[in-house]
Amino acid sequence: MLSYGRQSISEDDIAAISAVLRSDFLTQGPLIAEFERCFAERVGARHAVAVNSATAALHLAMRVAEISVGDRVVTSPITFLASANAVAYVGAIPDFCDIDPVTFTLDPRELERSWRDDTRAVVAVDYAGQSADLPEIARIARARGAVVIEDACHGVGGSFHVATRPDRAWSLGANPWADIGVFSFHPVKTMTTGEGGMLVTDRQDWADLARTLRSHGITRDHARFETPTSDSLLGEQGPWFYEMQELGFNYRLTDLQCALGLSQLKRLDSFIARRRDIVAAYNTAFSDLDWLRPPGLRAAVDATTTSWHLYTVQLDFTALGRTRTHVMDELREAGIGTQVLYIPVHLQPWYRRTYGYGPGKCPVAEAFYACALSLPLYPAMTDADVARVIAVVRALAPVSLSIP
Ligand SMILES: Cc1ncc(COP(=O)(O)O)c(C=O)c1O
């Protein structure tokens, strides 16, 4: 059975984890800083802070950017819940603006139109691994003093082009338009640590604060201690001494996970190259179908740099004469797993109940959802797997549609 996405684990990955199991540190050891350094170098960020999920990284992003009660943060409704939930964790209001119908990422015109005085940040989601329109989003947000947090969970290792500088590609999550980038290492993403995430930023103060918050708000750095050495009880600040300076969390990534991350990082380019090949094969094979629309790109040149976490097509279920459930069942019977990514977040009961959102708020996103289906896409798929998906999907066409 082919699933819509899955990890690729090699003997080297397993050996890397085994070595940690035989070492002194399972967590809080040397591999965390090593993984952060290598990841920062790979994406071109000054600082990378490893945490145990992208959800944690998004939460920390809100904290370091000082988003709090009374603030509004806008994101795309076509994302995983966490992009918006992190806003609610800090007591701010998650809001949604509609998406572009071609790239399925936040539509900057809609962002500008729906901007409100209390909007303090934008979470720009790189859906399926394609960048949101970051230069436009940053232009709108920065003119109004707001922060741009790039949810690059789908885009580990990917890059994109902008019209004004066609000569170079910019890294997803670490580029001149994102103040903070967030990545996920969940097993279906482009590389994995089992669970895990990374926050990247060029700001030293934000990286320092994120590191403090990741581990209970504790610092062991004597230079930063607040308690005076003249204090009668706490003045002796020997090697045991630490201070809790913030209300933090346990968002730590283990050394076991960092070992896997370091090993997967070495394989990232090959993972992405294979994903691109599969997407190119799908695009070619589906180009003549009028009941299936392959994912669109903002710039054709991005076909060579997008990391492609998902291959989400738009299907005309009316033309096919079946519901999505029927189509998914048929594909499953042929050994092909699919998924619907995503249900628009503003239509989830908690969001309706808490903020009064409902249908009609983001019509393009809602229309996208009605037709969306993500097909299998992961590096371990063989050419035969890809050919099978193509043949089975093409055979969905109703007989009347395939007669010339
Ligand atoms: C766009 C997006 N943002 C955030 C997350 C949360 O990632 P994690 O599972 O690492 O917390 C995900 C994961 O599915 C995601 O797809």
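Numbers at a glance
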item: Residue check, residue 247 out of contact with any Phe, Trp or Tyr (no Cβ under 8 Å at 6 or more places or on another chain), crowded, with 22+ Cβ neighbours inside 10 Å and touching a residue at least 12 places away in the same chain (Cβ under 8 Å); result: no
item: The listed residue being modelled with pLDDT under 95, assigned to a helix (DSSP H, G or I) and touching a helix residue (DSSP H, G or I) at 6+ places or on another chain (Cβ under 7 Å), out of 401, 331; result: 401
item: Qualifying residue in the range 229-244 (condition: under 20 Å from the mean Cα position of the chain (by Cα), farther than 21 Å from residue 173 by Cα and in contact (Cβ under 8 Å) with a residue 12 or more places away in the chain); result: no
item: When residues of the range 100-122 are limited to those that are buried (at least 16 other Cβ atoms within 10 Å of the Cβ) and among the β-branched types (Val, Ile, Thr), the one farthest from residue 368 (Cα to Cα); result: 119
item: In the range 182-209, the residues that are under 14 Å from residue 130 (Cα atoms) and more than 10 Å from the ligand (Cβ to nearest atom); result: 190
item: Residue satisfying condition, being under 22 Å from the mean Cα position of the chain (by Cα) and at positive phi, within set 70, 44; result: 44
item: The one condition in (1) surrounded by fewer than 16 Cβ atoms within 10 Å (Cβ to Cβ); (2) at negative phi; (3) over 25 Å from the mean Cα position of the chain (by Cα) that residue 388 fails to fulfil; result: (1)
item: Enumeration of residues in the range 345-361 that are touching a helix residue (DSSP H, G or I) at 6+ places or on another chain (Cβ under 7 Å) and outside any helix (DSSP H, G or I); result: 357, 358, 359, 361
item: Top-ranked residue of the range 168-181 - restricted to ones that are assigned to a strand (DSSP E or B), surrounded by fewer than 24 Cβ atoms within 10 Å (Cβ to Cβ) and touching a residue at least 40 places away in the same chain (Cβ under 8 Å), ranked as farthest from the ligand (Cβ to nearest atom); result: 169
item: Residue among 347, 310 that is of a type in the set (A, V, I, L, M, F, W, C), modelled with pLDDT of 95 or more and in contact with a Ser or Thr (Cβ under 9 Å, 6 or more places away or on another chain); result: 310
item: Unmet criterion (only one of (1) more than 18 Å from the chain's Cα centre (by Cα); (2) farther than 15 Å from residue 105 by Cα) for residue 182; result: (1)
item: Filter result (more than 16 Å from the ligand (Cβ to nearest atom) and closer than 20 Å to residue 102 by Cα) within the range 309-332; result: 313, 314, 315, 316, 317
item: One residue from 304, 312 being crowded, with 22+ Cβ neighbours inside 10 Å, under 30 Å from residue 163 (Cβ atoms) and β-branched (Val, Ile, Thr); result: 312
item: Helices (runs of 4 or more DSSP H) enclosed by the range 72-167 - at least 2 residues per element that are modelled with pLDDT of 95 or more, of a type in the set (A, V, I, L, M, F, W, C) and within 16 Å of the ligand (Cβ to nearest atom); result: 82-89, 134-143
item: Residue in the range 20-32 that is free of Cβ contacts under 8 Å to residues at least 40 places away in the same chain, more than 22 Å from the chain's Cα centre (by Cα) and more than 25 Å from residue 97 (Cα to Cα) present; result: yes
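Residues are listed down the side, and each one gets a yes or a no for (1) within 16 Å of the ligand (Cβ to nearest atom); (2) in the same structural domain as residue 193 (by TED's automatic domain parsing); (3) in a loop (DSSP other than H, G, I, E, B):
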{"site": "5", "(1), (2), (3)": "yes, no, yes"}
{"site": "15", "(1), (2), (3)": "no, yes, no"}
{"site": "23", "(1), (2), (3)": "no, yes, yes"}
{"site": "34", "(1), (2), (3)": "no, yes, no"}
{"site": "42", "(1), (2), (3)": "no, yes, no"}
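Yes or no, residue by residue, for (1) under 30 Å from residue 14 (Cα atoms); (2) acidic (Asp, Glu); (3) at pLDDT 95 or above; (4) in contact with a Leu (Cβ under 9 Å, 6 or more places away or on another chain):
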| position | (1), (2), (3), (4) |
| --- | --- |
| 228 | no, no, yes, yes |
| 231 | no, yes, yes, no |
| 235 | no, no, yes, no |
| 249 | yes, no, yes, yes |
| 254 | yes, no, yes, yes |
| 267 | yes, no, yes, no |
| 271 | yes, no, yes, no |
| 275 | yes, no, yes, yes |
| 278 | yes, no, yes, yes |
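The values are calculated or read from the model by the stated rules, or taken from the named source; none is laboratory data. Since this is a predicted model, take the numbers as computed values, not measurements. Quick reminder, even Gly has a Cβ in these numbers, built from the backbone with ideal geometry, and neighbours come from all protein chains shown.
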